[in-house]
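Worksheet: the structure to be examined is printed underneath.
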């Protein structure tokens, strides 16, 4: 196998891994968009009627921000792939996203 063939195979392996990761993130974000009903005041253990309006407003804001982030991730799962190496030579791959990634989808996702 010549160097060009080896290089091509390496690129194909990286591309498959990246596309698989993009697919997982995008699908998880789409699933969260379909499932997410937002966070309501009823999620709180105790509601103070004096501050319930402000709490509800903040919870709505958080839900809106989460939804906007999932919409971004559904169409643009990541913007960069970074490989970090520790002093022992162990490598770890990180994907950088524009929004907070859905929890538990892919290890190594980070928000820019």
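The values are calculated or read from the model by the stated rules, or taken from the named source; none is laboratory data. Everything quoted here is computed from the prediction, not taken from an experiment. All Cβ positions, even for glycine, are placed from backbone atoms using ideal geometry, and neighbour counts span all protein chains on display.
Report the residue count in segment 73-97 for those that are over 16 Å from residue 18 (Cα atoms) and surrounded by 15 or more Cβ atoms within 10 Å (Cβ to Cβ).
Looking only at that region, the number is 0.
Going by the conditions given, is residue 29 closer than 28 Å to residue 100 by Cα, at pLDDT 90 or above, in contact with a helix residue (DSSP H, G or I) (Cβ under 6 Å, 6 or more places away or on another chain) and part of a helix (DSSP H, G or I)?
Answer is yes for this residue.
Pairs under 8 Å by beta carbon, first residue in contact (Cβ under 8 Å) with a residue 12 or more places away in the chain and on the phi < 0 side of the Ramachandran plot in segment 11-37, partner surrounded by fewer than 11 Cβ atoms within 10 Å (Cβ to Cβ) and in a helix (DSSP H, G or I), six or more apart or different chains?
From segment 11-37, the pairs are 26/75.
Residue 47: under 20 Å from residue 15 (Cβ atoms), out of contact with any strand residue (DSSP E or B) (no Cβ under 7 Å at 6 or more places or on another chain), modelled with pLDDT under 90 and not in a helix (DSSP H, G or I), yes or no?
no
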